[in-house]
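Just below is one structure, and these are the notes that go with it.
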Amino acid sequence: MKADAIIFDKDGTLLEFDRFWVKVSIKAIELVMKKLQVKENLEDEILRAIGVNDGVCDVNSVLSKGTYFQIGQEFCKVLNSHGYEFSLDLVTKEVINAYNESQVVGEVVATTQNLVGILKKLKEQGKRLAIVTTDNEHVTNVCLEKLGVYGLFDAIYTDDGKTPTKPNPSCAYAFCKKFNLSLEKVVMVGDTLTDVKFAQNAGIKVIGLAKNEQNKKVLQDRADVIINDLSALPEILG
């Protein structure tokens, strides 16, 4: 599979998802409840609503593949079910603020050994690299800096409230236009069905990263290629 450029998902693809986002979510729930003066302990219920059970996030959950607005919707549903009449706009605003504030508690760990070396190897092969994530710019940049890979990407597309998020293909088109790339020579690398749908909508190939059996079952027969570690990319795409 030859490629001139690679678009990466961030969470679950470059960054170990649970070790960052479960901890961040627990802290964010605490902050939202405090801000809204909710006295009941709704942590477990909200965690389940966003897709976390026993410290593990479902790969198809809203936390795994949704936007902050969609996460806010789940918070709001739980609160409403307990008789609270907060507006969705208010809850979403507090959710975004809480997640931004809580990112400091997340553990930033790469999904593979020598992530920097793998990305540098791809750059040495002449490939353009991009990230398309439903996370916001602030948290994305902090995570990439901690991983030591921020400067290796030619373009980074985040949820800025204006740009359509995955699986809308607009970011893939913008990336291709910016660097005069052909869609036939661009590959998406991600770990969720949202990444697969994004690639299909854009008309580009997709490599699924499946680090466990659950991910493999989800991505099987949907991705063009499935790998269990990013270290395989330089050879596959070389």
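The figures follow:
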| item | result |
| --- | --- |
| Positions within the range 175-210 being part of a loop (DSSP other than H, G, I, E, B) and surrounded by fewer than 18 Cβ atoms within 10 Å (Cβ to Cβ), in sequence order | ASN180, SER182, GLY203 |
| Matching residues in the range 39-51 - criterion: being more than 28 Å from LYS217 (Cα to Cα) and buried (at least 16 other Cβ atoms within 10 Å of the Cβ) | LEU42 |
| Qualifying position, being at pLDDT 95 or above and surrounded by fewer than 21 Cβ atoms within 10 Å (Cβ to Cβ), among ASP58, ASP54, ASP89 | ASP89 |
| Which numbered condition GLN113 misses (of (1) farther than 16 Å from ASP9 by Cβ; (2) outside the structural domain of LEU47 (by TED's automatic domain parsing); (3) assigned to a helix (DSSP H, G or I)) | (3) |
| Condition met for LYS127 (farther than 21 Å from LEU31 by Cβ and modelled with pLDDT under 95) | no |
| Total residues in the range 1-15, condition in contact with an Asp or Glu (Cβ under 9 Å, 6 or more places away or on another chain) and surrounded by fewer than 18 Cβ atoms within 10 Å (Cβ to Cβ) | 1 |
| Answer from LEU36, LEU47, LEU42 - the residue that is within 24 Å of ASN215 (Cβ to Cβ) and either at pLDDT 95 or above or out of contact with any Cys (no Cβ under 8 Å at 6 or more places or on another chain) (or both) | LEU47 |
| Enumeration of residues in the range 171-199 that are closer than 23 Å to VAL59 by Cα and either assigned by TED's automatic domain parsing to the domain that holds GLY66 or polar (S, T, N, Q) (or both) | THR192, THR194 |
| When residues of the range 219-230 are limited to those that are touching a residue at least 24 places away in the same chain (Cβ under 8 Å) and surrounded by fewer than 19 Cβ atoms within 10 Å (Cβ to Cβ), the one nearest to ASP154 (Cα to Cα) | ASP229 |
| Verdict on GLU107 being assigned to a helix (DSSP H, G or I), exposed (fewer than 15 other Cβ atoms within 10 Å of the Cβ) and not aromatic (Phe, Trp, Tyr) | no |
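The values are calculated or read from the model by the stated rules, or taken from the named source; none is laboratory data. All values reported here derive from a predicted model rather than from experimental measurement. A quick note on method: Cβ atoms are made from the backbone with ideal geometry, for glycine too, and the neighbour counts reach across all protein chains shown.
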